[in-house]
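Worksheet: the structure to be examined is printed underneath.
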Amino acid sequence: MNMFAAACAALFVAMLLILIRSFMGPTLYDRVLAVNAFGTLTVLLIGTMGFLTGRPDFLDIALLYALINFIGTIAALKFFRYRSLGKAAPKGAARQEDA
Amino acid sequence: MIGILVQGASWLSLGIGAAFILIGALGIIRLPDFWSRIHAAGIIDTAGVGFITLGLMLQAGFTLITLKLLLIAVFIFITGPTATHAIANAAFAARLRPFALAGDESGTFDSGKKKS
């Protein structure tokens, strides 16, 4: 039971550091990377907190959060690249950069 | 006896996972470049998530909770590197370059004389 508290403390410290990077990141992609890592740590924190309180029923929420985190990261990247989420990419907008 | 072994393995795994996560967070906040911070994020996405979920799985035993934890671990193990690759691709398309390639628009090392 004590180890869950230690893991939760480590997760809190790591989330605090990553939050600092997401606020002071010099470029946009630093912020997106930090927010993605923050979401991953949130999934782990939900699971570990469930075990710490003796009710590991929150894992469904953690799984849902993992799904939404991935979709959100891809959506944010697409929005900042094309400045639009709904429309298709403008013709020849970013074709030359794709490998 | 087996219970003590499983508890010890679970605690060791949780400790290793917490250490990896702290190392990854320190790397994200301390490394000098965006392209080097990606490596620290990769540590969190693979080693940290793997060890923490392994420790929680050893605590849960053979139940439905273990299946959910395995599902979370497999999903993050697939989507974490995919998201990191998408971020790196977007940053590369936005003309962000590492230190060694600063000023080189083509982004390849063998494209001729390096401008300083």
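The values are calculated or read from the model by the stated rules, or taken from the named source; none is laboratory data. In this text the structure is predicted, and so the values were computed from the model without any measurement. For neighbour counting, all protein chains shown are included, and Cβ atoms are generated from backbone atoms with ideal geometry for every residue, glycine included. These area figures cover heavy atoms from the full protein model, side chains too; ligands, DNA and RNA do not enter into them. Shrake-Rupley method; radii C 1.70, N 1.55, O 1.52, S 1.80 Å.
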Using helices alone, what [θ] at 222 nm do you get for chain A, with -39,500 (n - 2.57) per DSSP H run of 4 or more residues, divided over all residues and rounded to the nearest 500?
-25500 deg cm²/dmol
Pairwise FRET efficiency - A:Phe23 versus A:Ile71, Cβ, R0 = 30 Å, nearest 0.05
0.80
Between B:Leu67 and A:Ala6, how high is the FRET efficiency from 1/(1 + (r/R0)^6) when r is the Cβ-Cβ distance and R₀ = 41 Å? Nearest 0.05.
0.95
Give me the accessible area per residue for the protein assembly as shown, probe 1.4 Å, as a whole number in Å².
55
Taking Cα atoms, how many degrees apart are the long axis of helix B:34-43 and the longest axis of chain B, rounded to 10 and kept between 0 and 90?
20
Measure off 7 Å from each Cα along the Cα-to-Cβ vector at A:Ile61 and A:Phe79, then give the distance between these two points in nanometres to one decimal.
2.4
Within a 10 angstrom radius of each residue's Cβ in A:4-17, how many Cβ atoms of other chains show up on average? Whole number is fine.
5
How well do other chains shield peptide B:20-26, expressed as the mean number of their Cβ atoms within 10 Å of each residue Cβ?
6
List the longest stretch of chain B that has no exposed loop site; here a site is one of the trypsin sites (Lys or Arg not before Pro) assigned by DSSP to anything other than H, G, I, E or B, with at most 10 other Cβ within 10 Å.
B:1-94
How do the peptides A:64-71, A:10-17, B:5-12 rank, highest first, by the average count of neighbouring beta carbon atoms within 10 Å per residue?
A:10-17, A:64-71, B:5-12
Which one, A:Ala37, A:Leu59, A:Phe23, projects farthest toward the positive side of the charge dipole computed for region A:7-84 from Cβ point charges (K/R +1, D/E -1)?
A:Phe23
Computed over the protein assembly as shown, Kirkwood Rh from alpha-carbon pairs, angstrom:
18.5
Would you kindly derive the ³J(HN,Hα) couplings of region B:27-33 from the backbone phi angles with the Karplus curve 6.51 cos²θ - 1.76 cosθ + 1.60 (θ = phi - 60°), listing them in order in whole Hz, with x for Gly and Pro?
x, 5, 8, 10, 5, x, 10
Tally Lys and Arg at +1 and Asp and Glu at -1 over the other residues with C-beta under 12 Å from the C-beta of B:Asp33: what net charge comes out?
+2
Relative to the first principal axis of the alpha-carbon coordinates of chain B, what is the inclination of helix B:64-93, with its axis defined by its Cα atoms, in degrees from 0 to 90 and to the nearest 10?
10
Any idea how far apart B:Asp33 and B:Ala93 come out in nm if each label point goes 7 Å out from Cα toward Cβ?
2.3
Return an integer: the convex hull volume of the alpha-carbon atoms of region B:2-98, in Å³ per residue.
73
Return the average number of partner chain Cβ atoms within 10 angstrom of each residue Cβ along peptide A:37-46.
6
At 1.002 mPa s and 20 °C, Stokes D of chain A from Kirkwood alpha-carbon radius, µm² per second
138
